[in-house]
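Asker: Below you will find the structure I want to go over with you.
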Amino acid sequence: MKRLLLTLVFVLSCQLGHAQKTITVPMEKLPTGHYAVEATINNGQKTKFWIDTGANFTVIPERTAKKWNLPLSPLPSFLKSDPAMLSVQAVGMITVENFDIGDISYKMPVVVARKFFSKKSEGVLGVNTFVKGAVLFQWQKRKLTIFYPGSMTPDLIDAYEMRDSLIVPIRKEDDIHIYRVLVTSDNKEPYEMLIDTGSDKTMIPKKNQAGWDTTIVGKPRTYGMVSGQFRVQAALLHQMRLGTWEIKNLAIFLSEIESDLIIGLDVLTQSDLLIDFPAKKMYIKRPAKP
């Protein structure tokens, strides 16, 4: 998902079992290629959420908010002109007292948006859901495992067969829950790319094209994300390196708007992926296990 700049940091509180270290829930692969999980709202309504590590907050469209029938609060005045709020046409906020994913119950602040392009899910689950602990994506098994805060140990990493992984550092953006990883192309200048499960494609702004070894493919087209639609140009990225992992001849998009450099699901789903947010590490176990 296109980077959503927020000056307000959303803070989640969650009720955690002391003995339990992880919970695993099924993921559904949507027709768009994205992945979703089901959450239960206030011990009743079940809602499908698109998992988006490129979004630092959870957002729902107005149609979902109406189903929940919860009171809508106005956006704080300093957020009304925020680019993120403008891009999704935010109309207010609600607070969900019991936002349950498996056995974890969150008190979840949620932004309500008028502009929401996904019809395959009823909301976007932002990365702030996971940042107090770690999360494991097992794409082929369609499983999402959430690690409770403080539970990451070598034994637990071994239990999920992630010990012999490529480990790369990730960087948290100042003041917001956005995480980036360093990527290079043909030994050119390294770039930080947004780790974005909300984007099915790896994407580079056209202004950065000179730093990458690419070949244009076909004509420009319109591409849609949760926050809107914009023009992109298909291209072939001949080489990209993430740590010691070399990826060759990757089909990507060059975006015609001001946007982040995004590493999307086309790359991320090639591996089982464990992101330890407090330790600022990403474990990459290739290939993704069936």
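The values are calculated or read from the model by the stated rules, or taken from the named source; none is laboratory data. Only a predicted model underlies this, so the values are computations on that prediction, with no experimental measurement involved. FYI the Cβ positions are ideal-geometry reconstructions off the backbone, even for glycines, and counts take in every protein chain you see. For accessibility, only protein heavy atoms count, side chains too; no ligands or nucleic acids. Shrake-Rupley method; radii C 1.70, N 1.55, O 1.52, S 1.80 Å.
Asker: Which of the residues that make up segment 31-77 are among the aliphatic types (A, V, I, L, M), open to solvent by 10 Å² or more (accessible area, probe 1.4 Å) and closer than 30 Å to Leu268 by Cβ?
Answerer: Our first condition is that a residue be among the aliphatic types (A, V, I, L, M); within segment 31-77, this holds for 36-37, 39, 41, 51, 55, 59-60, 65, 70, 72, 75.
Subsequent filtering for residues that are open to solvent by 10 Å² or more (accessible area, probe 1.4 Å) retains 65, 70, 72, 75.
Passing the criteria: only Ala65.
Asker: Can you tell me which residue is least open to solvent (accessible area, probe 1.4 Å) among those in segment 196-233 that are in a loop (DSSP other than H, G, I, E, B) and farther than 30 Å from Arg114 by Cβ?
Answerer: Step one: filter segment 196-233 for residues in a loop (DSSP other than H, G, I, E, B), giving 196-202, 212-213, 217-220, 226-227.
Checking the rest, the ones that are also farther than 30 Å from Arg114 by Cβ come to 212-213, 217-219.
Working: Trp212: 9, Asp213: 55, Val217: 76, Gly218: 60, Lys219: 172 Å².
If we take residues in segment 196-233 being in a loop (DSSP other than H, G, I, E, B) and farther than 30 Å from Arg114 by Cβ, then Trp212 is least open to solvent (accessible area, probe 1.4 Å).
Asker: Are there any pairs with C-beta distances below 7 angstrom linking a residue in segment 21-43 that is in contact (Cβ under 8 Å) with a residue 12 or more places away in the chain and hydrophobic (A, V, I, L, M, F, W, C) to a residue that is open to solvent by less than 20 Å² (accessible area, probe 1.4 Å) and not in a strand (DSSP E or B), with the two at least 6 apart or on different chains, and if so which?
Answerer: Qualifying pairs under 7 Å: Leu30/Ser121; Ala36/Met27; Ala36/Leu30; Ala36/Ser121; Val37/Met27; Ile41/Trp68.
Asker: Now, a different point. Residues Lys143, Lys120: which one is of a type in the set (Lys, Arg), on the phi < 0 side of the Ramachandran plot, at pLDDT below 90 and open to solvent by 10 Å² or more (accessible area, probe 1.4 Å)?
Answerer: Details: Lys143 fails: at pLDDT below 90.
The conditions single out Lys120.
Asker: Right, another one. Show me the strands (runs of 3 or more DSSP E) entirely contained within segment 1-114 in which 1 or more residues are modelled with pLDDT under 90 and not small (Gly, Ala, Ser). Step through it out loud before you land on a result.
Answerer: Values: elements: 13-15, 22-26, 35-41, 45-52, 58-61, 90-101, 104-113.
Of the strands (runs of 3 or more DSSP E) lying wholly inside segment 1-114, those with at least 1 residues that are modelled with pLDDT under 90 and not small (Gly, Ala, Ser) span 13-15, 35-41, 45-52, 58-61, 90-101, 104-113.
Asker: Also, quick follow-up: On the given criteria, is Ser227 touching a helix residue (DSSP H, G or I) at 6+ places or on another chain (Cβ under 6 Å) and either modelled with pLDDT under 95 or closer than 24 Å to Ser271 by Cβ (or both)?
Answerer: Yes.
Asker: Hey, another quick one. For residues in segment 167-178 being open to solvent by less than 40 Å² (accessible area, probe 1.4 Å) and modelled with pLDDT of 95 or more, which is farthest from the chain's Cα centre (by Cα)?
Answerer: Val168
Okay, residues lined up against (1) aromatic (Phe, Trp, Tyr); (2) assigned to a strand (DSSP E or B); (3) on the phi < 0 side of the Ramachandran plot; (4) open to solvent by 40 Å² or more (accessible area, probe 1.4 Å):
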| position | (1), (2), (3), (4) |
| --- | --- |
| Val183 | no, yes, yes, no |
| Leu194 | no, yes, yes, no |
| Ala235 | no, yes, yes, no |
| Arg241 | no, yes, yes, yes |
| Asn249 | no, yes, no, yes |
| Leu254 | no, yes, yes, no |
| Gln270 | no, no, yes, yes |
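Asker: Do we find that Thr214 is of a type in the set (S, T, N, Q), at pLDDT 90 or above and either within 24 Å of Arg171 (Cα to Cα) or in contact with a Lys or Arg (Cβ under 8 Å, 6 or more places away or on another chain) (or both) in this structure?
Answerer: Values: of a type in the set (S, T, N, Q): yes; at pLDDT 90 or above: yes; either within 24 Å of Arg171 (Cα to Cα) or in contact with a Lys or Arg (Cβ under 8 Å, 6 or more places away or on another chain) (or both): no.
When the stated conditions are applied, Thr214 does not pass them.
Asker: Here's something else I'd like to know. Those residues that are part of a loop (DSSP other than H, G, I, E, B), open to solvent by less than 40 Å² (accessible area, probe 1.4 Å) and either closer than 17 Å to Gln140 by Cα or not polar (S, T, N, Q) (or both), I need them from segment 256-268; list them, please.
Answerer: Asp260, Leu261, Gly264
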